[in-house]
Amino acid sequence: MVYSDVIRQRFRNPRYRGSLPAPDTSFEDVNPLCGDRIRIDCRIADGRLTDARHRGDSCAICAASADLLVELVLGKSVEEAASVPVSTLLERLGADIRSTRMKCVTLPLSVLQGALEGREVAR
Amino acid sequence: MTLDEQTRADFPILRRIVHGQPLVYLDSAASSQKPRQVLEAMQSYYEQTHANVHRSIHTLGEEATEVYEAARDAVRVFIGARFREEVIFTRGTTDGINIVARALALILQPGDEILVTEMEHHSNLIPWQMICRERGAVIKAVPVMGEGVLDLDAFGRLLSPRTRLVALAHVSNVLGTINPVTDMTRRAHEAGALVLLDGAQAAPHLALDVAAIGCDFYVLSAHKMLGPTGIGVLYGRREVLERLEPGLGGSEMIKEVWIDHAQWNDLPWRFEPGTPPIAEAVGLHAAVVYLDKLGMARVEAHERALCRLAMDALERISGVTLYGPRNAELRGAVVAFNVEGIHPHDGAALLDERGVGVRAGHHCAQPLMRRLGIVGTLRASFSVYNTAAEIARLSEAVQSLRGAL
């Protein structure tokens, strides 16, 4: 089953979808497989990620992955937030993700890392 | 007998079961399946004939050369080229375009213009971007309008004395639109430009006559027309090829070599550096014979009927948007569509769970997606083996998509 209940629920009713006014850092990137673009805004205080939101046009797997990721990293130190392993996300997603869709899971991770490193968005 | 009844048994892969259901393969525009005749020809070539071509003076080498060159003659007839020198074997459509691009890069001047269209596959865009950047030339695009047809008035305005090349798809891989290539070629020639047609989506479905179209280059891939991967064809008008320097070097494309220079080989080998895809040429030959036996007019009629059936069925499903000309007479064998609230990749994954294989995404046509204001589409495409019952399975599966997530 590609679409676990977790994926369906997070896609239908995301908890952290949206944007932050005047975020401390944000980053966006595309999935070259499908052209999907997602953006993550972060608020940082005392080296901790105090708030974050994700948005973009993406498939259910990517949207669910982004939503779970934000939930996982809120309140964590920047270093911890930037080093969430893919395996943790996969476990939370509870789905049988094929290699062709792995990028849908990992895109939010690399976008979050980009934001935390203060990377410039390529145009 | 319908075409699918006649051909179905020749395609062993179509007996596969996917997620517990008989496979419905609707992704032939990405790559078609191969009939037994093609597989057996290649197998037999490797078991009985294989050696390197052209300079192996022994029985196998001579036989391999004969079958390789016989494939060229078969392709010449199939595409309607006048001379065998005009048929160059490549690694595929993309390779064919790059071969032309590398040759044109040698003569392109700063300020020259290359005219493409907004519906091009990235393969018919990136090579031109690369040589334009290299040479200080300019790339321009004919807009897509309305249901997904080219703005021919704009085409007229965009053609200029600086236009060196017009490069466009014969049939769009997303919209299915069959472009008026004969007329556009005539107009481009009047403006003094060369014309390259990307025939990747046309060659598998329409009876081709490149000489009648009048284009300077025509490129296609074998793997989309029942042949193997790894080989394609670059047709080049002889008068044009004779004037071009090869942009890629290696063995095979030379006559005589010194340390600091070389004399190029004759056409068509001048544009075929390195050991060519020989077994693949044998496979392509078998594919051409297979299609020819079916008759391209029948192939076209069969696929058009499926296309019409699919559009009629999908259009009735609420939340479905179709892209491209609604009139099946104006299009090739692809139907792109979206289902409200379902990302194309999720749609494709859910259809796959029902055994239905379709393509999803931007189809390597991001400028077109941007023009349409979407991230991607689902795309069903048809070949000689697809059946009306499969269109019904597609339609049923698409109906199940709404509310599936």
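The values are calculated or read from the model by the stated rules, or taken from the named source; none is laboratory data. All of these numbers come straight from a predicted model, not from anything done at the bench. As a convention, Cβ positions derive from the backbone with ideal geometry for all residues, glycine included, and neighbour counts pool all protein chains shown.
Does B:I391 meet the test of being of a type in the set (A, V, I, L, M) and out of contact with any Leu (no Cβ under 8 Å at 6 or more places or on another chain)?
It is false that B:I391 is of a type in the set (A, V, I, L, M) and out of contact with any Leu (no Cβ under 8 Å at 6 or more places or on another chain).
If you go through the range A:84-100 one residue at a time, do you hit one that is within 14 Å of another protein chain (Cβ to nearest Cβ), touching a residue at least 40 places away in the same chain (Cβ under 8 Å) and part of a helix (DSSP H, G or I)?
Within the range A:84-100, one or more residues are within 14 Å of another protein chain (Cβ to nearest Cβ), touching a residue at least 40 places away in the same chain (Cβ under 8 Å) and part of a helix (DSSP H, G or I).
Looking at B:A360, B:A380, B:A328, B:A297, which is the one that is closer than 24 Å to B:L150 by Cα and touching a residue at least 60 places away in the same chain (Cβ under 8 Å)?
Unique residue meeting the criteria: B:A380.
Restricting to the range A:101-123, name every residue that is part of a helix (DSSP H, G or I) and farther than 12 Å from A:R39 by Cα.
If the condition is that a residue be part of a helix (DSSP H, G or I) and farther than 12 Å from A:R39 by Cα, then A:R101, A:M102, A:K103, A:C104, A:V105, A:T106, A:L116, A:E117 are the ones that fit.
I'm checking my understanding of the structure. Among residues of the range B:60-76 that are in contact (Cβ under 8 Å) with a residue 40 or more places away in the chain and of a type in the set (V, I, T), which one is surrounded by the fewest Cβ atoms within 10 Å (Cβ to Cβ)? Break it down into steps so the answer makes sense when it comes.
As a first pass, look at the range B:60-76 and keep what is in contact (Cβ under 8 Å) with a residue 40 or more places away in the chain: B:64, B:67-68, B:70-72, B:74-75.
Then keep just the ones that are of a type in the set (V, I, T); that gives B:67, B:75.
Numbers: B:V67: 18, B:V75: 26.
Applying the filter and picking the extreme gives B:V67.
In the list A:E28, A:E79, which residue meets the criterion of being assigned to a helix (DSSP H, G or I) and either surrounded by fewer than 20 Cβ atoms within 10 Å (Cβ to Cβ) or more than 14 Å from chain B (Cβ to nearest Cβ) (or both)? Let's see the steps before the verdict.
Values: A:E28 fails: assigned to a helix (DSSP H, G or I).
Being assigned to a helix (DSSP H, G or I) and either surrounded by fewer than 20 Cβ atoms within 10 Å (Cβ to Cβ) or more than 14 Å from chain B (Cβ to nearest Cβ) (or both) holds for just one of A:E28, A:E79, which is A:E79.
For the range B:166-183, enumerate the residues that are surrounded by fewer than 24 Cβ atoms within 10 Å (Cβ to Cβ) and in a strand (DSSP E or B).
B:I178 - this is the single residue of the range B:166-183 that is surrounded by fewer than 24 Cβ atoms within 10 Å (Cβ to Cβ) and in a strand (DSSP E or B).
Only one of these conditions is not met by B:A9: (1) in contact with an Asp or Glu (Cβ under 6 Å, 6 or more places away or on another chain); (2) surrounded by fewer than 14 Cβ atoms within 10 Å (Cβ to Cβ). Which number is it?
For B:A9, the exception is condition (1).
Given (1) touching a Pro at 6+ places or on another chain (Cβ under 7 Å); (2) in a helix (DSSP H, G or I), where does B:E69 come up short, assuming only one miss?
Among (1) touching a Pro at 6+ places or on another chain (Cβ under 7 Å); (2) in a helix (DSSP H, G or I), the lone unmet condition for B:E69 is (1).
Which residue out of A:S65, A:S19 is within 14 Å of chain B (Cβ to nearest Cβ), under 16 Å from the mean Cα position of the chain (by Cα) and at pLDDT 95 or above? Break it down into steps so the answer makes sense when it comes.
Details: A:S19 fails: within 14 Å of chain B (Cβ to nearest Cβ).
Testing whether each residue is within 14 Å of chain B (Cβ to nearest Cβ), under 16 Å from the mean Cα position of the chain (by Cα) and at pLDDT 95 or above leaves just A:S65.
More than 14 Å from every other protein chain (Cβ to nearest Cβ) and surrounded by 14 or more Cβ atoms within 10 Å (Cβ to Cβ): which single residue out of A:R37, A:R43, A:R55 fits that description?
None of the others qualify; the one that does is A:R43.
Among the residues of the range B:105-117, are any part of a helix (DSSP H, G or I) and either modelled with pLDDT of 95 or more or over 19 Å from B:L159 (Cβ atoms) (or both)?
yes
Would you mind telling me which numbered condition in (1) outside the structural domain of B:Y45 (by TED's automatic domain parsing); (2) in contact (Cβ under 8 Å) with a residue 60 or more places away in the chain; (3) under 22 Å from B:M225 (Cα atoms) B:R308 fails?
Exception for B:R308: condition (2).
Which one is modelled with the lowest pLDDT among residues in the range A:1-16 that are closer than 16 Å to A:A95 by Cα and assigned to a loop (DSSP other than H, G, I, E, B)?
Checked the range A:1-16; the qualifying residue modelled with the lowest pLDDT is A:M1.
Name the strands (runs of 3 or more DSSP E) wholly within the range B:288-405 that hold at least 3 residues that are crowded, with 20+ Cβ neighbours inside 10 Å, at pLDDT 95 or above and more than 14 Å from chain A (Cβ to nearest Cβ)?
Where strands (runs of 3 or more DSSP E) fall fully within the range B:288-405 and carry at least 3 residues being crowded, with 20+ Cβ neighbours inside 10 Å, at pLDDT 95 or above and more than 14 Å from chain A (Cβ to nearest Cβ), they are B:334-339.
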